[in-house]
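Input: a single structure, listed below in structure tokens.
The values are calculated or read from the model by the stated rules, or taken from the named source; none is laboratory data. Note that the structure is predicted; figures quoted are calculated from it, not measured. In this analysis, Cβ positions are derived from the backbone assuming ideal geometry, glycine residues included, and neighbour counts consider all displayed protein chains.
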2 protein chains.
Amino acid sequence: MTDPLLQDAAETEEAQAATKQAVFNAAERLFALHGFQNVSVRDITAEAGVNLASVNYHFGSKDALLFEIFRRRTSELNRERARMLHEATSRHGGKPPVRDILECYFAPPMRWAAPDNDRRISMQFIIRARSEGTAEMREVLKTDVSHLERFAGALMAARPDLPKEDVYWRLHFVLGMVHNNRFAEFDRLHHLSGGLTREGDVEALLRRMLDFAEAGFLA
Amino acid sequence: MTDPLLQDAAETEEAQAATKQAVFNAAERLFALHGFQNVSVRDITAEAGVNLASVNYHFGSKDALLFEIFRRRTSELNRERARMLHEATSRHGGKPPVRDILECYFAPPMRWAAPDNDRRISMQFIIRARSEGTAEMREVLKTDVSHLERFAGALMAARPDLPKEDVYWRLHFVLGMVHNNRFAEFDRLHHLSGGLTREGDVEALLRRMLDFAEAGFLA
DNA sequence: CTTGGGGTCGAACGTTCGTTTGAACGCGAA
DNA sequence: TTCGCGTTCAAACGAACGTTCGACCCCAAG
């Protein structure tokens, strides 16, 4: 609990076994780097320096471990987005402009993914979960859209003249912009542009994204 | 060769064995529907109605089969894009406007993915290959950017005032919009909007995408 | 000291996987 | 007819996987 290595000390369950934490962290890291199917329980326990049976003892199964990481990280990310949106709403007297709304959605994942951020690996995990997750995770992604509803509502309030249908579609396009920010895509872009594009300056990239998305939304 | 079942009669290799074609089609279908890792060689050969050893005999390995499907479909798609861009270029006297350039990139995958199109399953395969492909396929995706260079060049010509760096980044955003058009995302959006958004009308969706992307590019 | 239970350990289980093997088959050429 | 070759077949191989098992360890409660 007072161990500085435990990044997630503030847990709902209080006294996490050190083994469980080690498995959690190792699994998140390996899954993020190599994908779910390409990482075995043996890889995880070896990386964590624990016994092979630890995964099934503490989490029930490999899939359940995966799901628990996914659930924790996505809820943290969406909570941060909701917090920013709430703040922007009160800052603008209940009706923030399009650009500010989009920033609340863009900024958290972008900043998490910054090269020097501890959460970078968590962000990479979430990105991978979107396309390689289990059926259970995909069901959650499809069904649990409560956090998106907040943003859709805010956007409709910011552009009451636009038909709701258009707001949803443009939100869809915006989601695509965010989800495409994988490391592999940055590499490809870097290769294409001959090294002209650099992902180092997160805030500058965030500004670029907002310029593009805001213009698209106000079209 | 005159068999109407052979969709890809015009091949570089002339006399394809019926078994090889059956394996190719079954593999593409199953991979597109369930993902690479979730489909076994036994599943493929059972679906194709051929012997288990056929995959290794005709393609060398499961990975090689996967790569051959990937190579064929992506080259077909990019050839179609290049054809449209070439036509648009000559139609506009060498310098097509942004919207027309983007349409050349958007239209082929969108139309392939239309519910009544035979290529729908191929498009789904390509989409899956982007995130679940083997290391070899990812290397091709990253390295082979020649087809993107054509579009980057056309966009720079259409907006010579914009710094090249910005063109690349905005192209990156546009790619995100296209790549996000997976069936799962449409389902999610449909769920979020309460059935308001329908993907049935491809041309209408294409117009929406162009409205958004064009505005973003002209910002 | 004794007891009990949460945690860890090495070892194994049963399944599934991609691939290989060697025999059999079909058919045009010699 | 006989040969040769491309193709198909049933069967098996060896490896890797997620999971389970029973013994063992530690430490606090009785």
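What about A:ASP118, is it part of a loop (DSSP other than H, G, I, E, B), touching a residue at least 40 places away in the same chain (Cβ under 8 Å) and of a type in the set (D, E, K, R)? Criteria met by A:ASP118. Restricting region A:134-165 to residues that are farther than 19 Å from A:ALA82 by Cα and assigned to a helix (DSSP H, G or I), the residue that is farthest from the other protein chains (Cβ to nearest Cβ) is A:GLU136. The residues listed here are B:ASP144, B:ASP116, B:ASP161, B:ASP100; of these, the one that is in contact with a Lys or Arg (Cβ under 9 Å, 6 or more places away or on another chain) and of a type in the set (Asp, Glu) is B:ASP100.
Okay, residues lined up against (1) within 14 Å of another protein chain (Cβ to nearest Cβ); (2) more than 8 Å from DNA strand D (Cβ to nearest atom); (3) buried (at least 19 other Cβ atoms within 10 Å of the Cβ):
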| residue | (1), (2), (3) |
| --- | --- |
| A:VAL39 | yes, no, yes |
| A:ARG42 | no, no, no |
| A:ALA46 | no, yes, no |
| A:ARG73 | no, yes, yes |
| A:ALA88 | no, yes, no |
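Can you spot a residue in region B:87-94 that is part of a loop (DSSP other than H, G, I, E, B), at pLDDT below 95 and over 24 Å from the mean Cα position of the chain (by Cα)? Yes: one or more hits. For region B:169-191, the condition holds for no residue, the condition being that it is on the phi < 0 side of the Ramachandran plot, out of contact with any helix residue (DSSP H, G or I) (no Cβ under 8 Å at 6 or more places or on another chain) and more than 10 Å from chain A (Cβ to nearest Cβ). Among the residues of region A:99-115, the ones that are touching a residue at least 60 places away in the same chain (Cβ under 8 Å), within 10 Å of the chain's Cα centre (by Cα) and over 18 Å from A:HIS86 (Cβ atoms) come to 2 in all.
If you go through region A:122-172 and keep only what is modelled with pLDDT under 95, among the basic types (Lys, Arg) and over 14 Å from the mean Cα position of the chain (by Cα), you end up with A:ARG138, A:LYS142.
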